[in-house]
1. Once every DSSP H run of n ≥ 4 in the chain is given -39500 (n - 2.57) and the sum is divided by its residues, what mean residue ellipticity at 222 nm do you get, rounded to the nearest 500 deg cm²/dmol?
2. Return the distance in nm (one decimal) between the two label points of a simple spin-label model at residue 4 and residue 38, each offset 7 Å from Cα along Cα→Cβ.
3. May I ask you to compute the full-extension gain from residue 116 to residue 13, defined as 0.36 nm times their residue separation minus their alpha-carbon distance, rounded to one decimal in nm?
4. Could you tell me how many degrees, from 0 to 90 and to the nearest 10, lie between the Cα long axis of helix 62-72 and the main elongation axis, the longest principal axis, of the Cα atoms of the chain?
5. Could you tell me the relative contact order of region 28-105? Use alpha-carbon pairs under 8 Å, at least six residues apart, and round to a whole percent.
6. Where the centre of each part is set by its Cα atoms, how far does region 1-15 sit from region 48-99, in angstrom?
7. With each label point set 7 Å from Cα along the Cα-Cβ vector, what nm distance links residue 54 and residue 96?
8. Hey, what angle do you get for helix 15-25 against the long axis of the chain, alpha-carbon based, 0 to 90 degrees rounded to 10?
């Protein structure tokens, strides 16, 4: 896992790094068998990828945020209530839904960063 994380973070910030994280880490339930050290590495890399996005680009981090929520076993994987009126657009969910998912992940990380590092 250290090599995988190193490769992910060697990609350019933005979409290349985002995609590298998604392609590499999207391993389903096998992620739950990671050692604590490797789990921390993956989480740290994922939150670093999310922090790369500017406020106006946050929606691009949606899949990274939900993957982190999956690893952390967080109910709804940081996603707000998608049935809320403010998230309903003419053709499905609005960008605000995806942006708020990433914001929720970043807020969670700000509150829990020390706990992740120590586990």
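Please treat every number below as a calculation from the coordinates, not as lab data. Computed from a prediction, not measured in an experiment: that's the story for all the values here. Note that we place each Cβ from the backbone using ideal geometry, even for glycine, and neighbour counts take in every protein chain shown.
1. -19500 deg cm²/dmol
2. Taking the simple label geometry, residue 4 and residue 38 are separated by 0.6 nm.
3. Going from the current span to full extension adds 34.8 nm.
4. Orientation of helix 62-72: about 50 degrees from the principal axis.
5. Result for region 28-105 is 30 percent.
6. Spelled out, the Cα-based centre of one part sits 21 Å from the other.
7. 2.2
8. Rounded to the nearest ten degrees, it is 60.
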